[in-house]
1. Is the C-alpha gyration tensor of the chain telling us rounded, prolate or oblate? Criteria: a/c under 1.5 is rounded; beyond that, a/b larger than b/c is prolate, otherwise oblate.
2. Can you give me the relative contact order of the chain as a percent, contacts being Cα pairs under 8 Å and 6 or more apart?
3. What list do you get for 63, 68 if you sort them by fewest beta carbons within 10 Å?
4. May I ask you to sort 53, 214 by Cβ crowding, counting other Cβ atoms within 10 Å and putting the fewest first?
5. Suppose we take every Cα in the stretch 308-458 and form the convex hull; what volume per residue is that in Å³?
6. Per DSSP H run of at least 4 residues, take -39500 (n - 2.57); add these up for the chain, divide by its residues and hand me the 222 nm value, nearest 500 deg cm²/dmol.
7. Let a ≥ b ≥ c be the square roots of the eigenvalues of the Cα gyration tensor of the stretch 130-195; is it rounded (a/c under 1.5), or, if not, prolate (a/b larger than b/c) or oblate?
8. Need one word for the stretch 82-197: rounded, prolate or oblate. Basis is the Cα gyration tensor (sqrt eigenvalues a ≥ b ≥ c); a/c below 1.5 gives rounded, then a/b vs b/c decides.
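Here, each number is a calculation from the coordinates, and none is a lab measurement. Worth saying up front: this structure is predicted, and the values here are computed from it rather than measured. No Cβ is skipped: glycine too gets one built from the backbone with ideal geometry, and neighbour counts run over all protein chains shown.
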């Protein structure tokens, strides 16, 4: 393939193998992205989609070294022959774990970091222009660690845009955000694409956002690009998507059960409403088997976890304190499966950290198995309560997954360490990854590995 425009991306027979691994993560990948496109890249865990996109700005092969074959041309530059510094002027990259790329104390300093280091005398204008484009003006003097998750993500995006690159790559922009904030982020990406003509590449698995915002979809499978198609056609390739554990949009899955097999299925809610309206009067609403109420599960007489009038605040440098929990009372019973939902900053993580003893309440009590968490050290609770971090990289301290899983057990001098580790590795199908450095795995694989670290003590 040859580039049709110097501002595009051309991948030609790309292969890549990480050091210490037998199998290539990319093999014979071919892809062309035209300037100004809004493209979603999808694929299963370990398919190679993130490695492919990291080749666009030279992180692969210049930072993550390995066996690199084929060619990648970005904005007229040969990736293998260009430095990350040079490529970063043309390609901005926002990581899924965006906290890891925030390096400065304040928002202004973070966004100014790249222009200053490239010697741009107009760095102040660049900062204000970028913050204004992302509706972050007014936050210049805020400390980054004080921001909500959504604001941090936008700051990382702003920092990537400060050099005014033609291409922007965003890894799982909705993964760590609540639905409202995720939609706001995609609205910003759409404006950057439409108004500023940025080429936007989003690694994504939430197909509802893909359907609404993206123009093209790339499917990566077993280290190669299976296809690149317009979004409507791509999201109708249900078998291809499901084979890679990519779930079609909910409206598409519902329509699949209603419409004939050869009909094009709707992929957006608006499209679905229009299509369903034509059928609504012709079909009876099925009510047999509908749930008309809920029955309370049989419960043990005592809760395993209880919150009684718990309040918790955090100190801030400028505004004094910020209240996160206010007189919270809650009981959790044995064998329950509970989901905590809420917007960014609502207190979900704080609640979990109170259970583990990593935080203590300002007022009220938290009790776990009859133990007041405020009266003991977190180590006392560690055998009974396991906290798996949102960012899996925070749980990796050794150079191999197996060593990370064994670390706590060895530290506590368990007698059956090897057997426990074998069981967990087998249960989570990590055998092929146990000798790999957890920090070099795909995010999906990292999540399995971090869960294994937690399960080892269960």
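1. Here the chain falls in the rounded category.
2. 13
3. Listed from fewest to most nearby Cβ atoms, that is 63, 68.
4. In increasing order of surrounding Cβ atoms, one gets 53, 214.
5. Per-residue hull volume (Cα only) is 149 Å³.
6. Rounded to the nearest 500, it is -9000 deg cm²/dmol.
7. oblate
8. rounded
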